[in-house]
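Inspection log for the structure reproduced underneath, given as structure tokens.
The values are calculated or read from the model by the stated rules, or taken from the named source; none is laboratory data. As the structure is a computational prediction, the values presented were derived from the model and not from experiment. Note: ideal-geometry Cβ built from the backbone for every residue, glycine included; neighbour counts use all protein chains shown. Side chains are part of the model used for accessible areas, which takes the heavy atoms of the whole protein and leaves out ligands, DNA and RNA. Shrake-Rupley method; radii C 1.70, N 1.55, O 1.52, S 1.80 Å.
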Amino acid sequence: QPSVEFRDVDFGYDPDRQILHKLSFRVEPGQTLALVGPSGAGKSTIARLLFRFYDPQGGQILIGGQDIAKVRQASLRASLGIVPQDTVLFNDTIGYNIGYGREGASQEEIARAAHGAAIGTFIESLPRGYDTEVGERGLKLSGGEKQRVAIARTLLKNPPLTIFDEATSALDSATEAEILDTLRSLAEGRTTLIIAHRLSTVTHADSILVLDKGQVAEQGSHRDLLQRG
Ligand code: ADP
Ligand code: ADP
């Protein structure tokens, strides 16, 4: 399991408006760091920088001690798994959607990932099982089901670094609670970055970083942050 480190990262989408200001934080190997903060604080920007959709103007980002600016794009992206807020599925089979990015995965591996994401029994109950077409012209999955497909895809990929970007914030609260349980077990023992809106959804994180205006406002365990008010 790799560590992740931001070292004095400066970033702005436009030269005249800085979003991250000398941002530094570290995720220890196998640990879960939650990034919380108000909308516009720069949380998703951090995920975009990890994928190198953009490069910082200053500082360094390291995964496993390696500066990601020196890693080939393809191998960098292969090392990251993300569960986004709204998973958009390909108009293809549910099995293809789970196996995407891991072509050559066996049916058994796909089924194991689906069960790990607690959607295996549901898929296997469908008349065409993993060959069921989903998306626009196929079976319409609920928001929670789509998130479980994204979780299964991540489980199958088994990336060194997993990112959840507001992965439950578009769901109703009952579905959110179920998916949070699955995410918690997925994060166990993996280097994980969780981007979240509310503190109450990240109580299990090893450390919580409160981001405000692109800077670290506070960092500590859930209990530390509650005690400080
Ligand atoms: P958060 O995820 O914390 O809500 P974001 O990282 O999405 O915040 O955005 C941080 C700031 O960067 C916001 O002020 C937002 O308007 C701005 N921003 C986000 N994406 C872009 C972009 N592609 N171009 C210019 N500004 C952007
Ligand atoms: P497994 O895939 O391990 O066999 P199940 O499919 O039986 O697990 O579901 C495990 C949990 O996930 C149950 O609590 C169930 O309510 C929930 N669940 C099952 N199917 C779905 C689904 N399609 N979408 C969301 N949650 C589901």
In segment 34-43, what residues are touching a strand residue (DSSP E or B) at 6+ places or on another chain (Cβ under 6 Å) and not charged (D, E, K, R)? Ala34, Leu35, Val36, Gly37, Ala41, Gly42
Taking segment 23-45, which residues are part of a loop (DSSP other than H, G, I, E, B), more than 14 Å from ligand 1 (Cβ to nearest atom) and surrounded by 18 or more Cβ atoms within 10 Å (Cβ to Cβ)? Gln31
Determine whether segment 110-124 contains at least one residue that is among the charged types (D, E, K, R), touching a residue at least 60 places away in the same chain (Cβ under 8 Å) and out of contact with any strand residue (DSSP E or B) (no Cβ under 8 Å at 6 or more places or on another chain). no
Within segment 19-46, residues at pLDDT 95 or above and either more than 19 Å from Ile163 (Cβ to Cβ) or within 16 Å of ligand 2 (Cβ to nearest atom) (or both) come out as His21, Lys22
Condition set at pLDDT 95 or above and near ligand 2 (Cβ under 8 Å from one of its atoms), scope segment 97-116, selection surrounded by the fewest Cβ atoms within 10 Å (Cβ to Cβ): answer is His115
Can you give me the number of residues within segment 4-21 that are in contact (Cβ under 8 Å) with a residue 40 or more places away in the chain and within 11 Å of ligand 1 (Cβ to nearest atom)? 6
Condition set within 19 Å of Gly59 (Cβ to Cβ) and in a loop (DSSP other than H, G, I, E, B), scope segment 1-15, selection modelled with the lowest pLDDT: answer is Pro15
So Val134 ticks every box in (1) closer than 24 Å to Gln85 by Cβ; (2) within 14 Å of ligand 2 (Cβ to nearest atom); (3) open to solvent by 10 Å² or more (accessible area, probe 1.4 Å) but one. Which box is left unticked? (3)
Considering segment 117-131 alone, what residues qualify as being more than 10 Å from ligand 2 (Cβ to nearest atom) and either part of a helix (DSSP H, G or I) or open to solvent by less than 20 Å² (accessible area, probe 1.4 Å) (or both)? Gly129, Tyr130, Asp131
Among the residues that make up segment 56-63, is at least one of them under 15 Å from Ser3 (Cα atoms), open to solvent by 50 Å² or more (accessible area, probe 1.4 Å) and not in a helix (DSSP H, G or I)? yes
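Conditions (1) open to solvent by less than 50 Å² (accessible area, probe 1.4 Å); (2) in a helix (DSSP H, G or I); (3) of a type outside the set (Gly, Ala, Ser), marked per residue:
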residue	(1), (2), (3)
His21	no, no, yes
Ala47	yes, yes, no
Phe53	no, no, yes
Arg77	no, yes, yes
Asp86	no, no, yes
Leu89	yes, no, yes
Just name the residue that is farthest from Gly37 (Cα to Cα) out of those in segment 142-167 that are open to solvent by 10 Å² or more (accessible area, probe 1.4 Å) and in contact with a strand residue (DSSP E or B) (Cβ under 7 Å, 6 or more places away or on another chain). Lys157
Among the residues of segment 89-109, the number that are out of contact with any Asp or Glu (no Cβ under 7 Å at 6 or more places or on another chain) and either without any contact (Cβ under 8 Å) to a residue 12 or more places away in the chain or hydroxyl-bearing (Ser, Thr, Tyr) (or both) is 6
